[in-house]
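Just so you know, all these numbers are worked out from the coordinates, no wet-lab data involved. No experiment lies behind these values; they were computed from the predicted model shown. Cβ atoms come from the backbone with ideal geometry, glycine included; neighbour counts cover every protein chain shown.
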Amino acid sequence: MAFWDILRPVTNQAVAFDFFTSIIVFVLSIALFAISILAFRRTRSRRFVFVTIAFFLFATKCSLNIIDLFISPGYFFHKAANNIFELGILICLFLAIFKK
């Protein structure tokens with residue numbers, strides 16, 4: 001038995017709830033995107049521009065993941081494309097933290 005076999009029950013349970021968690025994450029990301037837009041309009045801070053872009057990328061990624069569940073699971077939105085979105089999100093958050 002390999003070490004990662006311990007994680008199989010957790011993984012199987014996560015797969016069973018994948019659609020519901022995807023919807024919840026999508027709704028939360030849209031809400032955070034809207035809140036970040038309101039915060040940017042109020043403060044006009046350049047940092048909120050990067051945070052807003054990060055939440056937009058996150059919402060887009062979540063919507064593509066949901067579409068992927070219906071069209072062709074795992075083939076429409078490949079893991080490599082998912083990684084590109086996550087890299088963009090991390091870059092935007094990095095710039096929001098360290099950019100003056």
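So which of F40, F98, F85 ends up being out of contact with any Lys or Arg (no Cβ under 7 Å at 6 or more places or on another chain) and either within 21 Å of V27 (Cα to Cα) or surrounded by 16 or more Cβ atoms within 10 Å (Cβ to Cβ) (or both)?
Every option except F40 fails the conditions.
Taking the conditions exactly as written (touching a residue at least 12 places away in the same chain (Cβ under 8 Å), on the phi < 0 side of the Ramachandran plot and surrounded by 14 or more Cβ atoms within 10 Å (Cβ to Cβ)), does L28 satisfy them or not?
So L28 fails the test.
Which one is nearest to I66 (Cα to Cα) among residues in region 24-47 that are of a type in the set (S, T, Y), over 13 Å from the mean Cα position of the chain (by Cα) and assigned to a helix (DSSP H, G or I)?
Residue satisfying both the conditions and the ranking: S36.
Here are some residues: F40, F77, F70, F58. Which one is touching a Leu at 6+ places or on another chain (Cβ under 6 Å) and not small (G, A, S)?
After applying the criteria, what remains is F77.
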